[in-house]
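> Here it is, the structure in full.
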Amino acid sequence: MNIRDSIYVVGLVLIIGAAALVWKMTASATDSFPRYSEDHPSFRVDPSWPKPLPATISSDGVAHRWVTGEIAGTCVDAQDNVVTFNRGWEVGVKVNGVRQGAMSGAIIRQDAYLSSIPSPPVVVYDRDGNVVSSWGNPALIQTGENTGGAAYLPHGAHGCFVDYQGNIWVAGNLDGVVQKYPAGGGGGVWTLQIGQKGACDGPPDNSKIGDDRVYPTCGEAHDFNSSKTLLNQPADVAVDPLPDPATGERGDVYIADGYGNHRIVVFDAKGNYVRQFGTKCATVGPTCGPEFGANGGGHPHCVVLGNDGLVYTCDRPNSRIQVFDKLGKFVRSIPIGAPPGATPEMQKAIPLAELRACDIDFWPNVDYLAGTSTTSQRYIVDVDIGNDNSWIIERASGIIVGALGRCGLAPCPGHNTGEFAFGHTVTTDSQGAVYVAETIAGRRIQKFVPTVD
């Protein structure tokens, strides 16, 4: 089988098991989930989601199992289909006998890469975990001067977002582009690209090694943080269905331009620069104000639009959520500290880990509606990649009230169902389910569903 000329249907096998979410909370009457208890809704992990990966007979006559590699981005559309942006495809072709694109996240020996095949870059699952579509441009890996880089899609698969019109947006944290694809993927052909592939908002750095040397202007070593046309390793994206407070136009694109630069940058629906806010702090720690961490990868690492008219961002190096209005005025900071109820040992152990605000989403929420969601968005689900926890935070107070997963308030690394190993991104659907995707050691996605006691 020629993987450059096909669109594939894939799935993912998870370890079978069962675990319970250890927290309970009170839902508002405005949350629009009447089938769940208003007093004590609880969650459980769904061990059967998603459904098993199929095997495909290749040209060698062998059935090769598809694997996703690291699942870098997750988002949900209007039908509650879950879209994953995967890194397994970032290895595959050989140039002069040398395997290309073997970057972090691609399929590796632990994936049995001699007998498995990487899944397409984008895989779409329905609520039951069945794969309903998958796609990605066939020009996967570059050869020649930029050997190993993604030739068409963003290099370094990262965040994704499905907007109110059904378009799918993806970002790349190893180059300088955010791309828009039509609903269904459009055969893997983007309809809008913000930024210029391989040309980032920074001066050349010829000292780079490894994956970063593919594009020497990309990275946090030297960032300009100012271009109105170029990005620098963007991590995440969100699209606003409401009119912009300054221009009055709908469809603004908010980008967490945060692995190289240190800003939220806003473009209009046609890709024209509107404004930006944020810069880097000289230090990492509580003394930083509205700035983002100066180093540590992912600053800002996420951007989410609330129905309170505010912009929520992840300052991952400083382990906090930064909140701005849409014009860039700083509103408040939500530190991710040890939650009430943690034992003294946990109070000491949990804050030792860094990168505690990796990705967030609201709960309950209708994701594709962004700031027009009619749910209360009473809680924030925060992925703490440092402790391998996913916290439930009351949005108004900023207080942690619980945690996803079998470990609850304790640090929770693990590979069993209901545990996390490098939880990276989170998304919620309109039925109240929460999806947490894992990179590095985890390389999977798990679903947590509300239940009635």
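> In percent, how large is the relative contact order of segment 147-291, given Cα pairs closer than 8 Å and 6 or more residues apart?
Answer for segment 147-291 is 18 percent.
> Quote the relative contact order of segment 320-453 in percent (integer), defining contacts as alpha-carbon pairs under 8 Å separated by 6+ residues.
RCO, segment 320-453: 18 percent.
> Here is a further query. Please list, ordered by chain and number, the residues whose modelled amide H lies under 5 Å from the amide H of GLY185; skip anything fewer than 5 residues away on the same chain.
Distant-sequence amide H within range of GLY185: zero hits.
> In the P(r) worked out for segment 144-276, what percent of Cα pairs fall beyond 21 Å?
Here the tail beyond 21 Å accounts for 37 percent of pairs.
No lab work stands behind these numbers, since they all come straight from the coordinates. Treat the numbers as computed from the prediction; the structure is a model and nothing was measured.
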